[in-house]
Amino acid sequence: MLACALAAVPAYAQTQGDPAKTEVWKPVPAAVATPVGTAPSDAVVLFDGKDLSAWDGEDGGKPGWHVADGAVTVVPGSKGIRSKQSFCDIQLHVEWRTPTETQGLEGQNRGNSGIFLQDRYELQVLDSYQSATYSNGQAGSIYKQSIPLVNASRAPGQWQTYDVIWTAPRFSQGGGLTAPARITVLHNGVLVQNDTVIAGKTEYIGAPSYAPHGCAPISLQDHNAKVSYRNIWVRKL
């Protein structure tokens with residue numbers, strides 16, 4: 001009976017002393033407006049559906065991708081695009097869509113693109129809906145490094161989201177790695193990378209490794225598929 005009676009008493013009623021001793025009032029977190037359907041008030045908007053003024057082409061100059069209906073779409077053969085602004089630690093939001101035409105296309109040939117953090121480390125974009133490929137190359141993977149926890153892919157032609165927390169690698173003054181990059185990714189609201197340690201720069205062939213660098217642009221890949229993007233924004237952390 002005594003145990004039941006104690007369990008019914010709220011935790012705060014069981015404590016003794018002054019509760020103010022454990023209350024922290026300063027610093028006060030800055031207010032961030034979060035209107036529905038738009039970027040937070042402290043975000044850097046990289047693409048709002050209107051133009052590519054925040055981007056350069058992969059080799060410099062004007063990007064060759066097509067903007068229409070609030071989205072930007074890869075023009076195969078035009079090469080990738082790179083943000084004009086450089087970033088280190090960030091929260092990133094990206095929405096993407098793979099083409100509906102899939103006949104005769106499987107694996108890496110189906111809706112392939114990629115998001116490169118700091119212009120080096122690839123979060124794979126791919127149509128992985130009922131389409132087999134190597135697991136560390138499917139949507140939600142850190143390409144050729146880390147398999148996603150689950151496959152949260154939607155059908156081709158449907159908009160999908162990545163919400164990313166990126167911690168940039170740290171290097172000593174002498175250029176040695178002091179802390180590797182780390183990434184957390186939610187794919188369509190589902191956790192697929194949980195504070196994953198990045199082994200180094202993304203490589204198609206061979207093992208990844210690090211070379212010292214600073215803040216760098218976000219890049220979107222042209223991999224010969226008409227993948228579309230919209231609502232791209234970044235919060236510096």
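A Cβ-based charge dipole, computed about the Cα centre of the stretch 140-237 with Lys and Arg at +1 and Asp and Glu at -1, lands at about 160 debye. Relative to the current alpha-carbon distance between His66 and Thr22, full extension at 0.36 nm per residue lengthens the span by 10.3 nm.
All other residues with a Cβ under 11 Å from the Cβ of Asp42 taken together, and with Lys, Arg as +1 and Asp, Glu as -1, what is their net charge?
On the way: positive: Arg235, Lys236; negative: none.
Local net charge: +2.
Among Gly37, Trp65, Val24, whose Cα sits farthest toward the positive end of the charge dipole of the stretch 12-95 (+1 at Cβ of Lys/Arg, -1 at Cβ of Asp/Glu, about the Cα centre)? Checked the options; the winner is Val24. Rounded to the nearest 20 debye, the dipole magnitude of the stretch 21-101 is 220 debye, with +1 charges on Lys and Arg beta carbons, -1 on Asp and Glu beta carbons, and the Cα centre as origin.
The fraction of Cα-Cα pairs per 10 angstrom bin, counted from 0 for the chain, comes to 7, 28, 31, 16, 8, 7, 3, 0 percent, rounded to whole percents. Count Lys and Arg as plus one, Asp and Glu as minus one, and take only other residues whose Cβ is under 15 Å from that of Asp222; the net charge is then -1. Only helical runs count toward this figure. For the chain, summing -39,500 (n - 2.57) over DSSP H runs of n ≥ 4 and dividing by all residues gives -1000 deg cm²/dmol at 222 nm. Exposed loop sites here mean chymotrypsin sites (Phe, Trp or Tyr not before Pro) with a DSSP loop assignment and at most 15 other beta-carbon atoms within 10 Å; the chain contains its longest site-free run at 26-133. Between Glu95 and Asn109, the modelled label-to-label distance comes to 3.1 nm, taking each label 7 Å out from Cα in the direction of the beta carbon. The charge dipole of the chain, taken about its Cα centre with unit charges on the Cβ atoms of Lys, Arg (+1), Asp and Glu (-1) only, comes to about 220 debye. Averaged over its residues, the chain has an accessible area of 54 Å² per residue, based on protein heavy atoms and a 1.4 Å probe. In the frame of its principal axes, the stretch 155-237 has Cα extents of 47, 29, 21 Å, reported largest first. In the chain, the portion of solvent-accessible area held by carbon and sulfur atoms comes to 54 percent [1.4 Å probe, whole percent, DNA, RNA and ligands not counted]. When the Cα positions of Ile81, Ala211, Ala54 are compared along the charge dipole of the chain, Ala211 comes out farthest toward the positive end, with charges on each C-beta of Lys, Arg, Asp and Glu.
Send over the per residue convex hull volume for the stretch 77-159, Cα only, as a whole number of Å³.
Values: hull volume 9.7 nm³, N = 83.
Considering the Cα atoms of the stretch 77-159, their hull volume per residue is 116 Å³.
Qualifying trypsin sites (Lys or Arg not before Pro) in the stretch 74-115, where qualification requires a DSSP coil assignment and no more than 14 other C-beta atoms within 10 Å, comprise Lys84.
Taking R0 as 22 Å, what's the FRET efficiency between Val32 and Ser78 from their Cβ-Cβ distance, rounded to 0.05? It would help to have the intermediate numbers written out before the result.
On the way: r = 36 Å, r/R0 = 1.62.
Calculated value: 0.05.
The values are calculated or read from the model by the stated rules, or taken from the named source; none is laboratory data. No experiment lies behind these values; they were computed from the predicted model shown. We place every Cβ from the backbone using ideal geometry, glycine too, and count neighbours over all the protein chains shown. Surface accessibility is based on the protein's heavy atoms, side chains included, excluding ligands, DNA and RNA. Shrake-Rupley method; radii C 1.70, N 1.55, O 1.52, S 1.80 Å.
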